[in-house]
Amino acid sequence: MNLLRLVASVIFVLLFGLAGSYFTSQSVKTWYPQLQKPFFTPPDWLFAPAWAAIYFLIGLALYVCWQNNFWNNSKLRFFFFLQLTLNFLWSPLFFSLQSPLLGFIDILLLDIAVVITLVLILKHSRVATFLMIPYLFWILFATILNFAILILNLKIE
């Protein structure tokens, strides 16, 4: 075990989440509460710990890939960074631009990128794949939630 790589991997991924949360801080207090939300919307307090746990698991998956030299696969590296980037972009699109539509487009692309990342990781490590599974389930749920918010708040004029 390389403790420095482990800590670097987890911190690197957590920084993506922290950066994305910057864009939610104001809108989550002002714009977001005014939106119509579906009955299955989790309570607001759940999002921060859920995302922290998920980012931690993604960081562990990154560590497993790095530690076992799967990171040398350029396609895996590309999709891993793509899914992190799309995840980061969702917050400014949804919250800062106050656009459930742009958020939905982004999260659909994120879903695809995460599935591809998982397929690429699976070729190398079941452990890293299992570490990413909660992330897949959470973003699929978030996709449904984003879509429901989009539909419930359509303004037809």
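Values quoted throughout were computed directly from the atomic coordinates according to the rules given, and no laboratory measurement underlies them. Keep in mind that what you see is a predicted model, and the values were worked out from it rather than measured. Heads up, the Cβs are rebuilt from the backbone with ideal geometry, glycines too, and the neighbour counts pull from every protein chain shown.
Expressed as a whole number of Å, what is the distance separating the alpha-carbon centroids of region 124-152 and region 1-70?
Between the Cα centre of region 1-70 and that of region 124-152, the gap is 12 Å.
Note the listed values [x] 41, 34, 24; [y] 48, 36, 29; [z] 55, 25, 24, then indicate which one is Cα extents along the principal axes in Å calculated from this particular structure.
Among [x] 41, 34, 24; [y] 48, 36, 29; [z] 55, 25, 24, the one calculated here is [z].
What value, in deg cm²/dmol to 500, does the helix sum -39500 (n - 2.57) over DSSP H runs of n ≥ 4 give at 222 nm once divided by the residues of the chain?
Counting only the DSSP helices, I get -25000 deg cm²/dmol.
What order do you get for Tyr32, Tyr55, Tyr22 when you list them from fewest to most C-beta neighbours inside 10 Å?
Tyr22, Tyr32, Tyr55
Compute the FRET efficiency between Asn72 and Ser25 as 1/(1 + (r/R0)^6), taking r as their Cβ-Cβ distance and R0 = 35 Å, and round to the nearest 0.05.
Efficiency for this residue pair is about 0.40.
Order of 37-46, 133-142, 1-10 by packing, highest average Cβ count within 10 Å first?
In descending order of packing, they fall as 133-142, 1-10, 37-46.
Could you tell me the calculated FRET efficiency between Ile151 and Ser96, based on Cβ-Cβ distance and R0 = 22 angstrom, to the nearest 0.05?
0.55
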